[in-house]
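What follows is a set of notes on a single structure, which appears directly below.
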Amino acid sequence: MRSPEDRYVFRVEGISKSFGAFHALNDVSLEVSAGEIRAIIGPNGAGKTTFINIVSGVFGPTRGRVWLDGEDVTGRPAQHRARRGLARTFQITSLFPGMTVAEHMHLASRGMDADGTRRSALLHLTGLEALADREVNTLSHGDQRILEIAMALATDPKVLLLDEPTAGMSIAETDRMIGLIQDRLRRQVCAVIIEHDMNVVNQTADQVTVLAAGAVAASGIPGDVLRDPFVKELYLGSAAGH
Ligand SMILES: Nc1ncnc2c1ncn2[C@@H]1O[C@H](COP(=O)(O)OP(=O)(O)O)[C@@H](O)[C@H]1O
Ligand SMILES: [Mg+2]
(Lines give C-alpha, C1' and ligand atoms only; values in the text may rest on other atoms or scores of the structure.)
(Ligands and ions follow the chains in the order given, each with its own letter.)
Protein backbone atom coordinates (compact mmCIF):
# COMPACT_ATOMS: atom_id res chain seq x y z
CA MET A 1 0.00 0.00 0.00
CA ARG A 2 1.54 3.34 -1.06
CA SER A 3 0.99 6.42 1.06
CA PRO A 4 2.27 9.98 1.62
CA GLU A 5 5.03 8.46 3.79
CA ASP A 6 6.71 7.32 0.55
CA ARG A 7 8.56 10.57 0.03
CA TYR A 8 10.43 9.86 3.24
CA VAL A 9 12.94 7.03 3.24
CA PHE A 10 12.30 6.67 6.91
CA ARG A 11 9.64 7.98 9.24
CA VAL A 12 8.39 7.39 12.78
CA GLU A 13 5.14 8.69 14.20
CA GLY A 14 4.13 9.04 17.83
CA ILE A 15 6.74 6.64 19.21
CA SER A 16 6.54 6.03 22.96
CA LYS A 17 8.49 3.45 24.95
CA SER A 18 8.07 2.49 28.59
CA PHE A 19 10.34 0.20 30.59
CA GLY A 20 8.03 -0.71 33.46
CA ALA A 21 6.89 2.58 34.99
CA PHE A 22 9.73 4.52 33.32
CA HIS A 23 8.90 6.45 30.13
CA ALA A 24 12.06 6.44 28.02
CA LEU A 25 10.37 7.96 24.93
CA ASN A 26 7.21 10.01 24.75
CA ASP A 27 5.40 10.70 21.47
CA VAL A 28 8.43 11.12 19.19
CA SER A 29 7.76 11.82 15.51
CA LEU A 30 10.46 12.34 12.90
CA GLU A 31 10.90 11.91 9.16
CA VAL A 32 14.06 11.76 7.09
CA SER A 33 14.21 12.30 3.32
CA ALA A 34 16.39 10.50 0.79
CA GLY A 35 20.02 11.61 1.03
CA GLU A 36 19.47 13.50 4.27
CA ILE A 37 21.83 13.27 7.22
CA ARG A 38 19.99 13.80 10.49
CA ALA A 39 21.76 14.23 13.80
CA ILE A 40 20.05 13.38 17.06
CA ILE A 41 21.55 15.09 20.08
CA GLY A 42 20.55 15.31 23.73
CA PRO A 43 21.74 14.63 27.27
CA ASN A 44 22.65 11.17 28.50
CA GLY A 45 19.53 9.17 29.23
CA ALA A 46 17.42 11.26 26.80
CA GLY A 47 16.33 8.12 24.93
CA LYS A 48 18.60 8.35 21.86
CA THR A 49 19.78 4.72 21.89
CA THR A 50 16.26 3.54 22.75
CA PHE A 51 15.07 5.37 19.63
CA ILE A 52 17.64 3.58 17.46
CA ASN A 53 16.71 0.24 19.06
CA ILE A 54 13.04 0.77 18.21
CA VAL A 55 13.79 1.85 14.65
CA SER A 56 16.12 -1.11 14.03
CA GLY A 57 13.72 -3.60 15.63
CA VAL A 58 15.65 -4.62 18.77
CA PHE A 59 12.35 -4.14 20.58
CA GLY A 60 8.94 -2.71 19.72
CA PRO A 61 7.52 0.65 20.80
CA THR A 62 4.82 0.83 23.47
CA ARG A 63 2.94 3.09 21.05
CA GLY A 64 3.57 4.53 17.61
CA ARG A 65 4.68 3.34 14.17
CA VAL A 66 7.88 3.01 12.14
CA TRP A 67 7.94 3.23 8.31
CA LEU A 68 10.85 2.28 6.14
CA ASP A 69 10.73 3.23 2.48
CA GLY A 70 6.93 3.51 2.63
CA GLU A 71 6.38 0.18 4.42
CA ASP A 72 5.01 0.00 7.96
CA VAL A 73 7.65 -2.20 9.64
CA THR A 74 6.48 -1.61 13.23
CA GLY A 75 5.76 -5.27 13.95
CA ARG A 76 8.53 -6.68 11.76
CA PRO A 77 11.74 -8.22 13.13
CA ALA A 78 15.21 -6.69 12.77
CA GLN A 79 16.18 -9.10 9.94
CA HIS A 80 13.22 -7.95 7.85
CA ARG A 81 14.19 -4.30 8.35
CA ALA A 82 17.79 -5.14 7.38
CA ARG A 83 16.53 -6.75 4.16
CA ARG A 84 14.47 -3.61 3.52
CA GLY A 85 17.64 -1.50 3.64
CA LEU A 86 18.24 -0.58 7.28
CA ALA A 87 21.71 -0.91 8.84
CA ARG A 88 23.09 0.26 12.16
CA THR A 89 26.18 0.48 14.31
CA PHE A 90 26.23 0.22 18.10
CA GLN A 91 27.23 2.67 20.82
CA ILE A 92 29.68 0.08 22.16
CA THR A 93 32.19 -1.42 19.70
CA SER A 94 30.95 -4.88 18.77
CA LEU A 95 33.70 -6.69 16.86
CA PHE A 96 35.13 -10.21 17.33
CA PRO A 97 38.70 -10.23 18.67
CA GLY A 98 40.94 -12.67 16.80
CA MET A 99 39.04 -12.27 13.53
CA THR A 100 40.49 -10.15 10.74
CA VAL A 101 39.05 -7.07 9.06
CA ALA A 102 38.36 -9.08 5.88
CA GLU A 103 36.61 -11.83 7.88
CA HIS A 104 34.38 -9.21 9.50
CA MET A 105 33.46 -7.87 6.06
CA HIS A 106 32.55 -11.41 4.94
CA LEU A 107 30.40 -11.87 8.02
CA ALA A 108 28.66 -8.53 7.49
CA SER A 109 27.72 -9.25 3.88
CA ARG A 110 26.70 -12.89 4.38
CA GLY A 111 23.40 -13.56 2.66
CA MET A 112 23.47 -10.14 1.05
CA ASP A 113 24.24 -9.33 -2.52
CA ALA A 114 27.78 -8.14 -1.87
CA ASP A 115 30.60 -9.86 -3.71
CA GLY A 116 34.35 -9.66 -3.11
CA THR A 117 34.73 -6.69 -5.44
CA ARG A 118 32.20 -4.70 -3.47
CA ARG A 119 33.86 -5.61 -0.17
CA SER A 120 37.26 -4.50 -1.49
CA ALA A 121 35.74 -1.27 -2.74
CA LEU A 122 34.29 -0.60 0.71
CA LEU A 123 37.63 -1.24 2.40
CA HIS A 124 39.22 1.17 -0.05
CA LEU A 125 36.46 3.74 0.53
CA THR A 126 36.87 3.64 4.29
CA GLY A 127 40.68 3.63 4.17
CA LEU A 128 40.97 0.13 5.68
CA GLU A 129 42.42 -1.63 2.62
CA ALA A 130 45.95 -2.05 4.03
CA LEU A 131 44.49 -3.49 7.25
CA ALA A 132 42.39 -6.24 5.60
CA ASP A 133 44.42 -9.11 7.08
CA ARG A 134 44.87 -7.59 10.53
CA GLU A 135 43.03 -9.03 13.52
CA VAL A 136 40.57 -6.40 14.66
CA ASN A 137 41.89 -6.26 18.23
CA THR A 138 45.20 -4.91 16.83
CA LEU A 139 43.44 -1.90 15.21
CA SER A 140 43.21 1.58 16.72
CA HIS A 141 39.86 2.51 18.27
CA GLY A 142 39.15 4.80 15.31
CA ASP A 143 39.83 2.06 12.74
CA GLN A 144 37.57 -0.31 14.70
CA ARG A 145 34.68 2.19 14.59
CA ILE A 146 35.25 2.85 10.89
CA LEU A 147 35.25 -0.92 10.24
CA GLU A 148 31.83 -1.08 11.89
CA ILE A 149 30.56 1.50 9.42
CA ALA A 150 32.16 -0.40 6.52
CA MET A 151 30.33 -3.52 7.76
CA ALA A 152 27.03 -1.64 7.90
CA LEU A 153 27.64 -0.36 4.36
CA ALA A 154 28.35 -3.92 3.14
CA THR A 155 24.59 -4.54 3.19
CA ASP A 156 24.11 -1.60 0.75
CA PRO A 157 21.62 0.12 3.08
CA LYS A 158 19.14 2.88 2.27
CA VAL A 159 19.13 4.03 5.88
CA LEU A 160 22.14 3.96 8.18
CA LEU A 161 21.82 4.48 11.94
CA LEU A 162 25.05 5.41 13.75
CA ASP A 163 25.05 5.46 17.55
CA GLU A 164 27.80 7.83 18.70
CA PRO A 165 30.30 6.99 15.94
CA THR A 166 32.95 9.36 17.35
CA ALA A 167 32.64 8.35 21.01
CA GLY A 168 36.10 7.84 22.54
CA MET A 169 37.89 9.04 19.40
CA SER A 170 40.93 11.30 19.29
CA ILE A 171 40.66 14.61 17.44
CA ALA A 172 42.45 13.12 14.42
CA GLU A 173 40.15 10.08 14.40
CA THR A 174 37.10 12.33 14.73
CA ASP A 175 38.28 14.38 11.74
CA ARG A 176 38.62 11.15 9.74
CA MET A 177 35.07 10.17 10.70
CA ILE A 178 33.78 13.62 9.65
CA GLY A 179 35.55 13.15 6.30
CA LEU A 180 34.02 9.71 5.83
CA ILE A 181 30.51 11.01 6.54
CA GLN A 182 30.95 14.12 4.39
CA ASP A 183 32.64 12.49 1.41
CA ARG A 184 31.27 8.97 1.39
CA LEU A 185 27.91 8.86 3.12
CA ARG A 186 26.46 12.20 2.13
CA ARG A 187 23.87 11.74 -0.63
CA GLN A 188 24.62 8.00 -0.87
CA VAL A 189 22.44 6.93 2.04
CA CYS A 190 20.08 8.57 4.43
CA ALA A 191 21.70 8.54 7.85
CA VAL A 192 20.62 9.16 11.42
CA ILE A 193 23.61 9.94 13.62
CA ILE A 194 23.55 10.17 17.39
CA GLU A 195 26.37 12.54 18.24
CA HIS A 196 27.70 14.40 21.26
CA ASP A 197 30.36 16.40 19.42
CA MET A 198 28.77 19.65 18.16
CA ASN A 199 31.61 20.13 15.71
CA VAL A 200 30.69 16.81 14.07
CA VAL A 201 26.99 17.79 14.03
CA ASN A 202 27.80 21.15 12.44
CA GLN A 203 29.97 19.64 9.76
CA THR A 204 27.86 16.64 8.79
CA ALA A 205 24.15 17.10 9.54
CA ASP A 206 21.48 18.64 7.31
CA GLN A 207 18.97 18.64 10.19
CA VAL A 208 19.26 18.21 13.94
CA THR A 209 16.67 16.85 16.33
CA VAL A 210 17.14 17.45 20.04
CA LEU A 211 15.82 14.78 22.41
CA ALA A 212 15.38 15.64 26.07
CA ALA A 213 13.72 13.38 28.64
CA GLY A 214 12.33 11.19 25.86
CA ALA A 215 10.66 13.96 23.84
CA VAL A 216 11.61 16.14 20.86
CA ALA A 217 12.70 19.47 22.36
CA ALA A 218 13.81 21.18 19.12
CA SER A 219 14.40 20.42 15.44
CA GLY A 220 15.91 22.32 12.53
CA ILE A 221 19.13 23.13 10.71
CA PRO A 222 22.29 22.87 12.85
CA GLY A 223 23.04 26.63 12.74
CA ASP A 224 19.65 27.48 14.26
CA VAL A 225 19.29 24.59 16.69
CA LEU A 226 22.78 24.85 18.15
CA ARG A 227 22.32 28.61 18.72
CA ASP A 228 18.99 28.12 20.52
CA PRO A 229 19.52 29.27 24.16
CA PHE A 230 17.32 26.44 25.46
CA VAL A 231 19.39 23.85 23.60
CA LYS A 232 22.67 25.44 24.71
CA GLU A 233 21.53 25.33 28.31
CA LEU A 234 20.32 21.73 28.00
CA TYR A 235 23.51 20.72 26.33
CA LEU A 236 25.95 22.48 28.59
CA GLY A 237 24.14 20.97 31.56
CA SER A 238 24.70 17.49 30.14
CA ALA A 239 28.25 18.12 28.93
CA ALA A 240 29.19 19.07 32.49
CA GLY A 241 28.01 15.62 33.55
CA HIS A 242 30.32 13.69 31.17
N1 LIG B 1 16.28 -2.13 28.19
C2 LIG B 1 16.05 -1.17 29.10
N3 LIG B 1 15.42 -1.44 30.26
C4 LIG B 1 15.18 -0.48 31.17
N5 LIG B 1 15.53 0.81 31.02
C6 LIG B 1 16.17 1.14 29.88
C7 LIG B 1 16.47 0.19 28.87
N8 LIG B 1 17.11 0.81 27.85
C9 LIG B 1 17.20 2.10 28.23
N10 LIG B 1 16.65 2.30 29.45
C11 LIG B 1 16.55 3.59 30.15
O12 LIG B 1 15.96 4.52 29.27
C13 LIG B 1 16.62 5.81 29.40
C14 LIG B 1 17.14 6.23 28.06
O15 LIG B 1 18.28 5.42 27.74
P16 LIG B 1 19.06 5.54 26.37
O17 LIG B 1 18.09 5.43 25.25
O18 LIG B 1 20.17 4.57 26.40
O19 LIG B 1 19.59 7.05 26.47
P20 LIG B 1 20.71 7.81 25.61
O21 LIG B 1 21.16 6.91 24.51
O22 LIG B 1 20.05 9.06 25.13
O23 LIG B 1 21.81 8.14 26.57
C24 LIG B 1 17.69 5.65 30.46
O25 LIG B 1 17.19 6.11 31.70
C26 LIG B 1 17.92 4.15 30.50
O27 LIG B 1 18.33 3.73 31.78
MG1 LIG C 1 22.98 6.12 24.00
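The values are calculated or read from the model by the stated rules, or taken from the named source; none is laboratory data. On a predicted model such as this, the values are computed, not experimentally measured, just so you know. We place every Cβ from the backbone using ideal geometry, glycine too, and count neighbours over all the protein chains shown. SASA here: full protein model, heavy atoms, side chains in, ligands and nucleic acids out. Shrake-Rupley method; radii C 1.70, N 1.55, O 1.52, S 1.80 Å.
Candidates ILE193, ILE221: the one that is in contact (Cβ under 8 Å) with a residue 60 or more places away in the chain and either more than 24 Å from PRO43 (Cα to Cα) or not acidic (Asp, Glu) (or both) is ILE193. Give GLY214, GLY179, GLY168 a once-over and let me know the one that is modelled with pLDDT under 95, on the phi > 0 side of the Ramachandran plot and either open to solvent by 10 Å² or more (accessible area, probe 1.4 Å) or not hydrophobic (A, V, I, L, M, F, W, C) (or both). Just one listed residue meets the conditions, GLY168.
Which condition number in (1) more than 12 Å from ligand 1 (Cβ to nearest atom); (2) of a type in the set (A, V, I, L, M, F, W, C); (3) open to solvent by less than 10 Å² (accessible area, probe 1.4 Å) is the one that TRP67 fails? Condition not satisfied by TRP67: (3).
When LEU185, LEU161, LEU131, LEU180 are checked against the criterion of being more than 22 Å from ASN202 (Cβ to Cβ) and either of a type in the set (A, V, I, L, M) or touching a helix residue (DSSP H, G or I) at 6+ places or on another chain (Cβ under 9 Å) (or both), a single residue qualifies: LEU131.
Among the residues of the stretch 16-53, those identified as near ligand 2 (Cβ under 10 Å from one of its atoms) and among the small types (Gly, Ala, Ser) are GLY42, GLY45, ALA46, GLY47.
Scanning the stretch 130-144 for residues that are in a helix (DSSP H, G or I) and in contact (Cβ under 8 Å) with a residue 24 or more places away in the chain returns LEU131, VAL136, ASN137, HIS141, GLY142, GLN144.
Number of residues in the stretch 24-36 that are surrounded by 16 or more Cβ atoms within 10 Å (Cβ to Cβ), more than 9 Å from ligand 1 (Cβ to nearest atom) and more than 25 Å from THR204 (Cα to Cα) equals 1.
Of all residues in the stretch 73-93, those satisfying the criterion of being open to solvent by 60 Å² or more (accessible area, probe 1.4 Å) and more than 15 Å from ligand 1 (Cβ to nearest atom) are GLY75, ARG76, PRO77, GLN79, ARG83, ARG84. Examine the stretch 66-84 for a residue that is touching a strand residue (DSSP E or B) at 6+ places or on another chain (Cβ under 8 Å) and of a type in the set (Asp, Glu), and state whether such a residue exists. Yes, the stretch 66-84 contains at least one residue that is touching a strand residue (DSSP E or B) at 6+ places or on another chain (Cβ under 8 Å) and of a type in the set (Asp, Glu). Beta carbons closer than 9 Å, at least 6 apart along the sequence or on distinct chains, pair a first residue in the stretch 64-77 that is touching a residue at least 40 places away in the same chain (Cβ under 8 Å) with a second that is among the aromatic types (Phe, Trp, Tyr) and open to solvent by less than 20 Å² (accessible area, probe 1.4 Å) for VAL66/PHE10; TRP67/PHE10; LEU68/PHE10; ASP69/PHE10.
So how many residues does the stretch 166-197 have that are under 20 Å from GLY57 (Cβ atoms) and within 16 Å of ligand 2 (Cβ to nearest atom)?
Going through the stretch 166-197, the residues under 20 Å from GLY57 (Cβ atoms) turn out to be 189-194.
Now narrow it down to the ones that are within 16 Å of ligand 2 (Cβ to nearest atom): 192-194.
Total satisfying the criteria: 3.
Residues that are buried (at least 23 other Cβ atoms within 10 Å of the Cβ), part of a loop (DSSP other than H, G, I, E, B) and within 16 Å of ligand 1 (Cβ to nearest atom) within the stretch 194-211 comprise just one, GLU195.
Has the stretch 123-131 got at least one residue that is in contact with a Lys or Arg (Cβ under 6 Å, 6 or more places away or on another chain) and not small (Gly, Ala, Ser)? Steps first, please.
Step one: of the stretch 123-131, the residues in contact with a Lys or Arg (Cβ under 6 Å, 6 or more places away or on another chain) are 125.
Add one more test, that the residue is not small (Gly, Ala, Ser), and what stays is 125.
Yes: the stretch 123-131 contains one or more residues that are in contact with a Lys or Arg (Cβ under 6 Å, 6 or more places away or on another chain) and not small (Gly, Ala, Ser).
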